[in-house]
Amino acid sequence: MAYKVSDIKKGLKIELDGQPYTVTYFQFVKPGKGQAFTRTKVKNLITGAVLERTFKIVESIAEADVETKTMQYLYGDDEFFHFMDTETYEQIAIPLENLEDESKWLLEEMEIEVLFYKGQPVSVDLPNFIEVQITYCEPGAKGNTAQGATKTATLSTGAEIQVPLFIENESWIKVDVREGKYVERLKR
């Protein structure tokens with residue numbers, strides 16, 4: 001199936017030059033003279049490279065052969081991250097280099113969406129927020145409570161983020177994965 005240029009929207013999965021892409025930005029342009037077109041930014045689902053492409057209104061765009069499955073993260077080793085399909089219990093392995101940015105937010109038993117291109121797993125879609133425990137942070141010094149003061153904390157996933165001074169070791173916090181920022185302290 002092919003899409004019309006008028007079908008372009010953010011998040012649409014398309015195929016360009018034999019590679020799967022997702023639309024991250026689009027703008028419809030109708031100049032005073034000439035033909036209308038759509039200006040886009042697309043991100044390669046395999047390599048992560050971002051391209052700018054312009055499509056004339058009369059063009060058609062190939063639909064990417066992608067499928068999304070809910071899977072559970074099991075563990076990571078020296079070469080792969082291992083996931084299990086929550087319906088069939090089938091296990092798959094995704095190479096470390098495919099998930100460089102996402103790997104610092106993966107928690108064991110976390111359910112995530114795995115994107116498959118032509119039957120091969122290529123990327124994951126993490127939840128917007130995760131609840132994670134702090135494994136190490138410096139204690140906050142008394143009197144050092146300037147507005148907005150932060151310190152570095154190491155999470156159980158291995159990621160490091162900035163947290164307010166009142167956060168202590170072993171605390172559970174909520175983190176916005178999209179920006180890698182502290183949201184709130186949780187009661188546990």
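Worth pointing out:
- Rg over Rh [alpha-carbon atoms, Kirkwood Rh] for the range 129-186: 0.94
- Among the listed pairs 9/174; 9/104; 4/104; 104/174, a Cα-Cα separation exceeding 26 Å is found for 9/174; 9/104; 4/104.
- A Förster radius of 41 Å combined with the Cβ-Cβ distance from residue 57 to residue 176 puts the calculated FRET efficiency at roughly 0.65.
- Highest-MSF residue in the chain out of 19, 35, 133 [GNM, Cα springs under 10 Å]: 35
- Cα shape, the chain, gyration tensor, a/c 1.5 rule: oblate
- About its Cα centre, the dipole of the range 41-114 is roughly 600 debye, where the only charges are +1 on Lys and Arg Cβ and -1 on Asp and Glu Cβ.
- Long-range tail of P(r) for the range 1-94 (Cα pairs > 22 Å, %): 45
- With 10 Å bins from 0: P(r) over the range 66-125, alpha-carbon pairs, percent: 25, 64, 12
- Under the simplified labelling scheme, the residue 28-residue 162 pair shows an inter-label distance of 4.0 nm, with each label point 7 Å from Cα along Cα→Cβ.
Any read-out appearing in this document is the output of simple, stated calculations on the displayed coordinates, not a laboratory observation. Computed from a predicted model, the values in this text were never measured in an experiment. Quick reminder, even Gly has a Cβ in these numbers, built from the backbone with ideal geometry, and neighbours come from all protein chains shown.
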